[in-house]
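A short reminder: the numbers here are calculations on the coordinates, not readings from a lab. Keep in mind that this is a model prediction, so the values were computed, not measured. Here Cβ is always computed from backbone atoms with ideal geometry, including for glycine, and neighbour counts include all displayed protein chains.
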Amino acid sequence: MRGENPARRVYMSIMLQDLETGQILGALFLVLIIIAMLLQMGGRNLHRSLQNASIWALIFVGAIAAAGLWEDISGDLVPRQASFASEGRVEVPRSFDGHYYLTLEINGNPVNFVVDTGATEIVLRKEDAALVGLDPNTLQYFGRANTANGEVRTALVRLDQVSVGGIGDRNVPAYVNDGDLFQSLLGMSYLSRWDTLQIEDNKLVLIRQ
C-alpha cells in the first residue's frame with residue numbers, strides 16, 4: 001500500500017509470526033498432555049489408547065487449520081462489496097455461483113439482494129419486508145408476476161430510504177412477493193438510477209456522478 005510505514009509492516013510481520021508460533025506450541029503442548037495421560041493408563045489398552053490419541057491429535061490439528069483458513073475461505077465464497085463514496089462508486093465482486101450479491105440499507109436495515117438485470121423492479125421477499133418495517137400481512141397483493149414456479153401475487157410499496165456506500169435514494173418503489181422467494185431481487189428500476197452499470201474484472205461496478 002502506498003505510503004505505508006516499512007517499520008510498521010515489519011513489526012506486524014513479526015507479530016503474526018509470533019502468533020502462529022504460539023498457536024503451534026499450544027497445540028503440541030495439549031497433544032503431549034493427552035499422550036502422557038494415555039500412557040499412564042498402561043496395560044493392555046495402551047496400543048488402543050495411542051491409536052485414539054493419534055486420531056484426536058489429527059482432529060485437533062485439522063480444527064486449528066480450518067479455523068485459520070476460514071476467513072480466507074469465507075471471503076472467497078461470499079466476497080464483500082466495496083464502496084467509494086467520494087467517487088460515487090460501488091464494486092460488487094462476482095460470487096462463486098456466478099451471481100452478484102449487493103447489500104442495501106433500507107430504512108436503516110441491511111437487506112441482501114441478488115442482482116437480477118432480467119427483473120424490472122425491486123422485489124422483496126416477505127421476511128425482508130418485515131425487516132424494513134413493513135407488515136406483509138396487511139399489504140394489498142393486487143399485482144401479479146410470472147416466475148419459474150408459476151404466477152405469484154405482489155404488493156406495491158414505497159421504501160422511505162434506500163442507500164449503499166453513502167449514496168441514497170428516497171421514496172423508492174418496490175414490490176413484496178407473496179410467494180416463496182429465495183432472496184430479494186434487485187431489478188432494473190433501481191439499477192437504472194446509476195449513471196453507469198458495467199462489469200469489469202469479474203466485478204459489477206455501479207457509478208453515480
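Points worth noting:
- Extending 7 Å from the Cα toward the beta-carbon at both ARG94 and GLU151 defines two label points whose distance is 3.7 nm.
- The stretch between ASP201 and GLU127, if pulled fully straight at 0.36 nm per residue, gains 23.3 nm over its current Cα-Cα span.
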